[in-house]
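The values are calculated or read from the model by the stated rules, or taken from the named source; none is laboratory data. All values reported here derive from a predicted model rather than from experimental measurement. When we count neighbours, we look across all protein chains shown, and the Cβ atoms used for this are built from the backbone with ideal geometry, even at glycine. SASA here: full protein model, heavy atoms, side chains in, ligands and nucleic acids out. Shrake-Rupley method; radii C 1.70, N 1.55, O 1.52, S 1.80 Å.
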Amino acid sequence: MANAYARRSALQHFGLTAAAAKGDVAGADLLIGEAAHRTIVNIRGDGGDAFKAAVRSVTGAELPVTPNTTAAAGDFRILWLGPTEWWVVSANVDSAKLADDLRQAFNGQHAAVIDVSESRTVINVSGPSARDVLARGCSLDLHPRVFGPGQCAQTGLTKANILLDQVSDNPSYDIYILKSFADYLWQWFWLVGRDFKFAIRAH
Amino acid sequence: MLLISCPYCGPRDEHEFAYGHEAHIARPTLEQQQTMSDAEWADYLFMRKNPKGVHFERWVHSRGCRQWFNVARHTVTHEIVKVYKMGEPAPKLEQK
């Protein structure tokens, strides 16, 4: 893991903290912000009982085996990526420690643990207009009757590949994006956000 | 734009998928390989059905769950007749 003093967020050069201070957060119907430096650990395995038990022992959450669903407990959130692949994400648990804990819990199993925290950043989009903004670049139906909290999806947003995770029914979405695409995606939000009352929120 | 039902994720836009190749091409067993002629190898490696009608093919949900699966697609109408998981046999279909 990179040392804290050496870390730069992928969107740091936009000066988001200063921009957030100037924004009209209370009057906005669309809030965007970067939740940088999230811990993301990729786990692979058969999703069987032993695998589930190991994940439960570390995170306290039940492994979501239904496609495109999430589970949350305490500091952790587990996102379904594929039938044999999940992400364990956390806003405040150290990624090296989480990866070590998981690796120990999987001891003896046919499983893989990879710390991928540094590959992505998270752009959070929330507010009453969040769905309308995402609809401009995402082909998924995000209407509450088909997509709500507890669901995630890997899909495309404009030209970028994203993982979309609805974290609340405000609605609020966490968008996991490769760091190298974060600049592009942020500028896209900046562009389409001008059609809405949007403000930048500090995270 | 095709709407393809991933066996895991459900209906998604075509742009989330990538086409692989014709499905159900069995690799010759080790025993067969000992006695195969060059013509038979060439047939296995290069010759494809290219039908005008229902074609069994492999697709991957590359922007989604990254799983490979089989699609029976009509090459003229683009109608997707059936989507089924890897390892399942080709479905018997009525002639259209």
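Couple of notes before you dig in:
- Buried on assembly, segment B:57-91 (at least 40 Å² less accessible surface than by itself, 1.4 Å probe): B:63, B:66
- Inter-label distance, residue A:184 to residue A:172: 2.9 nm, where each label sits 7 Å from its Cα along the C-beta direction.
- Calculated FRET efficiency for the pair residue B:76/residue A:57, C-beta based, R₀ 45 Å, to 0.05: 0.25
- Cα pair count fraction exceeding 15 Å, expressed as % - segment A:75-116: 43 percent
- Mean per-residue shielding of peptide A:62-70 is 2, counting Cβ atoms of other chains within 10 Å of each Cβ.
- Cα convex hull volume per residue for chain A (Å³): 116 Å³
- GNM flexibility winner over chain B from B:72, B:23, B:39 (Cα, springs under 10 Å): B:39
- Chain lengthening between residue B:14 and residue B:2 when straightened (0.36 nm per residue, less Cα-Cα): 3.8 nm
- Distance between modelled label sites at residue A:18 and residue A:136, nm, 7 Å Cα→Cβ extension: 2.5 nm
- Buried area at the A:B interface is about 1000 square angstrom, summed over both chains, from accessible surfaces computed with a 1.4 angstrom probe.
- Relative to the longest principal axis of the Cα atoms of chain A, helix A:49-59 runs at roughly 50 degrees.
- Computed over protein heavy atoms with a 1.4 Å probe, the accessible surface of the protein assembly as shown works out to 52 Å² per residue.
- Helix axis angle, A:95-105 relative to chain A longest principal axis, alpha carbon, degrees: 30 degrees
- The lysines within cross-link reach of residue B:49, meaning a Cα-to-Cα straight distance under 27 Å and a gap of 8 or more places when in the same chain, are B:82, B:85, B:92, B:96.
- Rg/Rg_ref, segment A:70-173, where Rg_ref = 2.2 N^0.38 Å and atoms are Cα: 1.19
- Restricted to Cα atoms, chain B shows a radius of gyration and a Dmax of 15.2, 45 angstrom.
- Sulfur and carbon atoms: percent of accessible area, the protein assembly as shown [1.4 Å]: 51 percent
- Taking label points 7 Å from Cα along the Cα-to-Cβ direction, residue B:88 and residue B:31 give a separation of 3.1 nm.
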